[in-house]
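**Q** Sending over a structure as structure tokens; questions will come in a sec.
What follows is calculated from the coordinates using simple rules that are stated; it is not laboratory data. In this text, all values refer to a predicted model and were calculated from it rather than measured experimentally. Note: ideal-geometry Cβ built from the backbone for every residue, glycine included; neighbour counts use all protein chains shown.
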Amino acid sequence: MQSKGEQMKVGVVAACLMLSVAQAQADSMVWHIQNNTTHHLQVQFDSQTRAYFWPTQNTAWDLNKKKLGTYSIACNAGEYICYAAWSSPGNKVSWGKGSTGKNACTNCCYTCGPNPNTQVITLHD
């Protein structure tokens, strides 16, 4: 039978191991989106691996016309993430997955990991 002190040590060691495993799975990605359009845009990212959105499911970041947006997001290693951008107001034009997240796209999704794609994605009219 273990003393309370020994039980406490075992509990602390177990908690530290769990924390280190969780931290090993956490990663981040930096996205650079250049808005070379004549539109003010909304930008959002969504995981194809889990139900998660950046900044949130119901919000998006503003990106003014002719500006570069840089977005750093915390993600899980191996998670597949896509960008979505659309004109605002009116949602008349979209890029990537679009405002509904359902557009078919090529080269708009990347895997979160130690060397994520950080090239500049340039959007045109």
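**Q** Starting from the 7 Å offset along Cα-to-Cβ, what nm value, one decimal, do you get for the label separation of Trp61 and Gln119?
**A** According to this spin-label approximation, the distance is 2.0 nm.
**Q** Moving on. Just to confirm a number: summing +1 for Lys and Arg and -1 for Asp and Glu over residues other than Asp46 whose beta-carbon lies under 12 angstrom from that of Asp46, what do you get? Don't skip to the answer; put the middle values down first.
**A** Working: positive: Arg50, Lys97, Lys102; negative: Glu79.
In short, +2.
**Q** Mind listing which trypsin sites (Lys or Arg not before Pro) in segment 33-119 are in a DSSP loop and have 15 or fewer other Cβ atoms within 10 Å? Working shown, then result.
**A** Details: sites: Arg50, Lys65, Lys66, Lys67, Lys92, Lys97, Lys102; in loops: Arg50, Lys65, Lys66, Lys67, Lys92, Lys97, Lys102.
Listed in order of number, the matching sites are Arg50, Lys65, Lys66, Lys67, Lys92, Lys102.
**Q** What is the distance, in nm, between label points placed 7 Å from the Cα along the Cα-to-Cβ direction at Asn91 and at Ala74?
**A** 2.9 nm
**Q** Here is a further query. Give me the net charge of Ile73's neighbourhood, meaning all other residues with Cβ under 11 Å from the Cβ of Ile73; Lys, Arg count +1, Asp, Glu -1.
**A** Result for the local shell: -3.
**Q** If you don't mind, there's one more thing I want to ask. Need the list of aspartates and glutamates near Lys92 for cross-linking: C-alpha distance under 14 angstrom, and skip anything on the same chain fewer than eight residues off.
**A** Correct list for Lys92: Asp125.
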